[in-house]
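A.B. asks: Let me begin by handing over the structure; questions about it come next.
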Amino acid sequence: MRFTPAMLSAARRQHFELFLMKAFETLHPGDRPLNMAWYIHAICQALMEAHRGTEKRLVITVPPRHLKSITASVAFVAWMLGHNPRARIMVASYSQDLARHHSNQTRMIMESDWYLKDFPGTRISERGNRALELETTVGGVRKAVSVGGSITGFGADIIIVDDCMKADEARSPTVRQELRNWYDNTLLSRLNDKATGRIISIQQRLHEDDLPAYLLEKDYRHLNLPAIAIKDEVISIGEGRDHHRRVGDLLN
């Protein structure tokens with residue numbers, strides 16, 4: 001069967017995994033196509049539950065260099081704004097440079113020809129096209145923030161927390177406590193609606209007392225993807241499919 005451009009566009013709107021593959025191609029022109037490993041499907045499945053609102057507090061733990069930021073902080077944000085250009089999304093990272101980098105990648109996707117065709121109702125406003133803040137023509141926003149920074153005056157429907165601690169700072173009890181305080185007293189207060197607002201934390205584990213551990217104490221749902229499996233488990237990868245992971249299995 002030959003797929004027309006219109007069919008591919010409709011498929012990307014409906015299936016985030018296909019959108020992610022196209023986004024990866026845009027961000028890495030000339031590279032091999034993205035290999036959709038089972039764990040990427042698992043991450044996409046968890047993000048879809050958050051998008052639908054069936055999961056409002058989510059922690060995803062995955063090692064570095066496994067596409068977590070491009071998936072959750074870049075492509076997923078662009079896809080959500082495509083479906084709801086009025087959405088207000090905040091993405092928190094440990095540094096302003098990293099926050100700016102991910103914001104630029106989201107902009108690159110949203111300004112691509114294929115995205116403009118896939119989501120004709122979503123456009124970045126000229127007045128809202130800034131390094132750390134992308135605003136749509138109908139008031140939706142992707143706001144990038146760094147840990148410790150001020151977020152006064154901005155309310156979010158969805159908050160994404162992406163690696164909010166540097167690896168070399170994780171050993172400091174003071175830094176870990178400061179991050180927890182910032183999360184509780186600053187970040188959480190930015191949800192527009194505590195009942196329907198969603199929080200997604202996607203991070204690498206750095207310490208037994210790091211932010212993911214703190215969130216798990218609050219009964220956040222946990223998708224745990226360690227580099228080496230520490231137990232046998234069945235992990236949902238979407239559309240009724242599961243991946244059976246055995247002790248000792250490598251993630252990739």
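The values are calculated or read from the model by the stated rules, or taken from the named source; none is laboratory data. This one's a predicted model, so the numbers in the text were calculated from it and none came from an experiment. Because the Cβ atoms are built from the backbone with ideal geometry, glycine has one as well, and the counts that use them run over all protein chains shown. Note: accessible area is taken over every heavy atom of the protein model, side chains too, but ligands, DNA and RNA are not part of it. Shrake-Rupley method; radii C 1.70, N 1.55, O 1.52, S 1.80 Å.
A.B. asks: Name the residue that is least open to solvent (accessible area, probe 1.4 Å), counting only residues in segment 134-180 that are among the acidic types (D, E) and on the phi < 0 side of the Ramachandran plot.
C.D. replies: Taking segment 134-180 and keeping what is among the acidic types (D, E), we get 135, 157, 162-163, 168-169, 178.
Imposing the further condition that a residue be on the phi < 0 side of the Ramachandran plot reduces the set to 135, 157, 162, 168-169, 178.
Numbers: E135: 38, D157: 49, D162: 1, D168: 108, E169: 72, E178: 110 Å².
So the residue we want is D162.
A.B. asks: Restricting the first residue to segment 78-94 and requiring it to be under 17 Å from I109 (Cα atoms), which pairs with a second residue that is charged (D, E, K, R) and open to solvent by less than 10 Å² (accessible area, probe 1.4 Å) meet a Cβ separation below 6 Å and a spacing of at least six or different chains?
C.D. replies: Filtered contacts from segment 78-94: I89/R142.
A.B. asks: Follow-up. Could you please tell me which pairs satisfy a Cβ distance under 8 Å, a separation of 6+ or placement on different chains, a first residue in segment 192-204 that is in contact (Cβ under 8 Å) with a residue 60 or more places away in the chain and open to solvent by less than 10 Å² (accessible area, probe 1.4 Å), and a second residue that is of a type in the set (S, T, Y) and part of a loop (DSSP other than H, G, I, E, B)?
C.D. replies: What qualifies is I199/Y220; S201/Y220.
A.B. asks: Moving on to the next point. Of all residues in segment 1-26, how many are open to solvent by less than 70 Å² (accessible area, probe 1.4 Å) and assigned to a loop (DSSP other than H, G, I, E, B)?
C.D. replies: So the answer is 2.
A.B. asks: Shifting gears a bit: What about T152, is it more than 25 Å from G53 (Cα to Cα) and in a helix (DSSP H, G or I)? Walk me through it before giving the result.
C.D. replies: On the way: more than 25 Å from G53 (Cα to Cα): yes; in a helix (DSSP H, G or I): no.
In short, no.
A.B. asks: Could you please find all residues in segment 102-120 being crowded, with 18+ Cβ neighbours inside 10 Å and within 16 Å of the chain's Cα centre (by Cα)? First the steps, then the outcome.
C.D. replies: Going residue by residue through segment 102-120, those that are crowded, with 18+ Cβ neighbours inside 10 Å are 102-103, 105-107, 109-110, 115, 118-119.
Answer for segment 102-120, where residues must be crowded, with 18+ Cβ neighbours inside 10 Å and within 16 Å of the chain's Cα centre (by Cα): H102, S103, Q105, T106, R107, I109, M110.
A.B. asks: Is there any pair linking a residue in segment 145-173 that is over 17 Å from T186 (Cα atoms) to one that is part of a loop (DSSP other than H, G, I, E, B) and open to solvent by 20 Å² or more (accessible area, probe 1.4 Å), with Cβ under 6 Å and at least six apart or on different chains, and which?
C.D. replies: Close Cβ pairs satisfying both conditions: K166/Y94; A167/L206; A170/L206; A170/H207.
A.B. asks: How many residues does segment 44-79 hold that are out of contact with any strand residue (DSSP E or B) (no Cβ under 6 Å at 6 or more places or on another chain) and not aromatic (F, W, Y)? Explain how you work it out, then say what you get.
C.D. replies: Just the residues of segment 44-79 that are out of contact with any strand residue (DSSP E or B) (no Cβ under 6 Å at 6 or more places or on another chain), to begin with: 44, 47-49, 51-54, 62-67, 70-71, 74-76, 78-79.
Subset that is not aromatic (F, W, Y): 44, 47-49, 51-54, 62-67, 70-71, 74-75, 78.
Number of matching residues: 19.
A.B. asks: Report every pair of residues separated by at least 6 positions or lying on different chains whose Cβ atoms are under 6 Å apart, first residue within segment 224-248 and of a type in the set (D, E), second open to solvent by 80 Å² or more (accessible area, probe 1.4 Å) and in a strand (DSSP E or B).
C.D. replies: Qualifying pairs under 6 Å: D242/V234.
A.B. asks: Something else about it: Looking at segment 51-79, which of its residues are within 25 Å of K117 (Cα to Cα) and open to solvent by less than 10 Å² (accessible area, probe 1.4 Å)?
C.D. replies: Matches in segment 51-79: T71, A72, S73, V74, A75, F76, V77, A78, W79.
A.B. asks: Looking at segment 14-31, can you tell me whether even one residue there is out of contact with any Ser or Thr (no Cβ under 8 Å at 6 or more places or on another chain), closer than 26 Å to A227 by Cα and at pLDDT below 95?
C.D. replies: Yes; the residues of segment 14-31 include at least one that is out of contact with any Ser or Thr (no Cβ under 8 Å at 6 or more places or on another chain), closer than 26 Å to A227 by Cα and at pLDDT below 95.
A.B. asks: Now, a different point. Open to solvent by 50 Å² or more (accessible area, probe 1.4 Å), assigned to a loop (DSSP other than H, G, I, E, B) and among the acidic types (D, E): which single residue out of E208, E126 fits that description?
C.D. replies: Values: E126 fails: assigned to a loop (DSSP other than H, G, I, E, B).
From the options E208, E126, the qualifying one is E208.
A.B. asks: In the set A99, A46, A92, which member is open to solvent by less than 20 Å² (accessible area, probe 1.4 Å), at pLDDT below 95 and assigned to a helix (DSSP H, G or I)?
C.D. replies: Working: A46 fails: at pLDDT below 95; A92 fails: assigned to a helix (DSSP H, G or I).
Exactly one of A99, A46, A92 is open to solvent by less than 20 Å² (accessible area, probe 1.4 Å), at pLDDT below 95 and assigned to a helix (DSSP H, G or I), namely A99.
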